Structures are given as C-alpha cells and as structure tokens.
Amino acid sequence: MSPLKPDLHAILDLDRIVHEPARLAILTVLAAAESVEFLFLQRITGLSKGNLSSHTQKLEAAGFLETLKAFRGRIPVTSFQITEDGRAALHAYHKQLRALLPKEGQP
C-alpha cells in the first residue's frame, strides 16, 4: 500500500461545503466577528453580489450561517453570523488540513 493513499482519502473526506474557497473565506470572516453585513462581506471577499448570495445560501442550507434582515432607517440591511455548527465545521476542516501537512522533519 502506498503511503500516499491515506492522505488522498483524507483529502477526499474534506467537507466540500467548507472546502470551496469562497465559502471558506466567508466562514473565516464570520468566525472572527459577531455578525457581518453583506456589503462588508462582499468587499472583503471580492465576490460579486450574485456569487456571494449563492454561497451564503448554500452555507445557510447546511446550517453553517444565519441570515439576519433588518432596516437602517428605510434601507434594508442583510447581515450574517456563523452558527455553532458552522464553527464546528470550520474547526473540523482546519483539523483535517493540519493532519494532512507533513510532520516536522518529514518531506
């Protein structure tokens, strides 16, 4: 058995919802804040409105973030916050990635 096989299986076992770069960026930003407004998240990730909307909907469907709707005066404001399940998924993802890295002193 090749020593690469377990690592390849571990890569295939990564959570595909979290692993997608745009969603990983969104969860990473949300994990560092109590809540984040749509326009700030769009600016910091560089995603288009449609792309950001699509990714946040997928994360919400997975239970990893919550969408908050409010008004600032007469202007609607959409914000997001990470859920406990989202934090757990992000933590598990980071743990899986660290396990894939070579140990110190190994190639």
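The values are calculated or read from the model by the stated rules, or taken from the named source; none is laboratory data. Nothing here was measured: the structure is a model prediction, and the numbers come from that model. Cβ placement follows ideal geometry from the backbone for every residue including glycine, while neighbour counts extend to all protein chains displayed.
For the reader, a short list of remarks on this structure follows.
- Residue within the range 74-83 that is at positive phi and at pLDDT 95 or above present: no
- Some residue of the range 35-43 being under 19 Å from ARG87 (Cβ atoms), of a type in the set (Asp, Glu) and outside any helix (DSSP H, G or I): no
- Failed item in (1) surrounded by 15 or more Cβ atoms within 10 Å (Cβ to Cβ); (2) over 16 Å from the mean Cα position of the chain (by Cα), with ILE11 passing the rest: (1)
- Members of the range 69-79 found to be surrounded by 14 or more Cβ atoms within 10 Å (Cβ to Cβ) and more than 14 Å from ALA31 (Cα to Cα), listed by number: THR78
- Residues considered: LEU100, LEU59. Of these, the only one that is touching a strand residue (DSSP E or B) at 6+ places or on another chain (Cβ under 6 Å) and closer than 29 Å to ILE11 by Cβ is LEU59.
- Scanning the range 86-94 turns up one or more residues that are touching a strand residue (DSSP E or B) at 6+ places or on another chain (Cβ under 8 Å), hydrophobic (A, V, I, L, M, F, W, C) and surrounded by 12 or more Cβ atoms within 10 Å (Cβ to Cβ).
- Selection of the range 35-56 for residues being farther than 18 Å from PRO76 by Cα and within 15 Å of the chain's Cα centre (by Cα) yields ILE44, THR45, GLY46, LEU47, ASN51, SER54, HIS55.
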